[in-house]
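**Q** Right, I'll just put the structure down here and ask away after.
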Amino acid sequence: MASDTDPREQLTAEEQRRVGMALVRLNERGWGIAFALLAGLGLFSATLMLVIRGGQTVGPHLGLLGIYLPGYEVTVIGAVLGLMYGLVLGYAAGFLVGALYNRLVRIE
């Protein structure tokens with residue numbers, strides 16, 4: 001038999017505030033993994049598409065990432081290295097986004 005009372009009415013104001021705070025928090029690890037997959041697989045697939053497409057000059061603009069990512073080139077090996085760089089840097093960026101958001105939400 002269903003009850004007609006709202007479960008939120010049974011909580012004190014402090015309990016409602018704590019539940020609300022728990023619900024607005026982000027999972028830092030989840031955001032890190034999501035960003036890692038986006039960055040890693042994005043760079044990997046973009047590099048492989050340029051390698052497969054070929055041509056006289058293969059991806060001069062994407063090749064400039066080698067300035068910031070040592071060893072990265074627009075080659076098949078560079079795609080694998082770009083995948084690793086993307087996973088690491090993407091995880092760090094996503095984790096920081098989640099942690100910063102959680103810190104800002106905690107401030108009232």
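Laboratory data are not the source of any read-out in this text; all were calculated from the coordinates shown. Model, not experiment: these values are computed from the prediction. Note that each Cβ is placed from the backbone with ideal geometry, even for glycine, and that neighbours are counted across all protein chains shown.
**Q** Using the Karplus equation 6.51 cos²θ - 1.76 cosθ + 1.60 (θ = phi - 60°), what ³J(HN,Hα) coupling, rounded to whole Hz, does each residue of the stretch 99-105 give in order, writing x for Gly and Pro?
**A** Computed from phi, the couplings for the stretch 99-105 are 5, 5, 4, 4, 5, 5, 5 Hz.
**Q** Continuing with this model, one more query. Show me, for the stretch 30-36, the HN-Hα J-couplings you get by feeding each phi into the Karplus relation (A = 6.51, B = -1.76, C = 1.60, θ = phi - 60°), rounded to Hz, glycine and proline as x.
**A** x, 5, x, 5, 5, 5, 4
**Q** Same structure again: Can you check what the net charge comes to around residue 101, using other residues whose Cβ is under 11 Å from the Cβ of residue 101 (Lys, Arg +1; Asp, Glu -1)? Please list the in-between numbers first.
**A** Working: positive: 25, 103, 106; negative: 28.
Here the count lands on +2.
**Q** In deg cm²/dmol and to the nearest 500, what is the mean residue ellipticity at 222 nm of the chain if only DSSP H runs of at least 4 residues count, each as -39500 (n - 2.57), divided by the residue total?
**A** On the way: 4 runs with 73 residues, N = 108.
It comes out at -23000 deg cm²/dmol, rounded to the nearest 500.
**Q** Now for a separate question. Apply the Karplus parameterisation 6.51 cos²θ - 1.76 cosθ + 1.60, with θ equal to phi minus 60°, to every residue of the stretch 72-80 and state each ³J(HN,Hα) to the nearest whole Hz, in sequence, with x for glycine and proline.
**A** Those phi angles translate into 6, 9, 8, 9, 5, 5, x, 5, 5 Hz.
**Q** Let me ask something else. Give me the number: length gained by fully extending residue 106 to residue 41, i.e. 0.36 nm times residue separation minus the C-alpha to C-alpha distance, one decimal in nm. Working shown, then result.
**A** Values: separation 65, 0.36 × 65 = 23.40 nm, distance 3.27 nm.
Result for the pair: 20.1 nm of gain on full extension.
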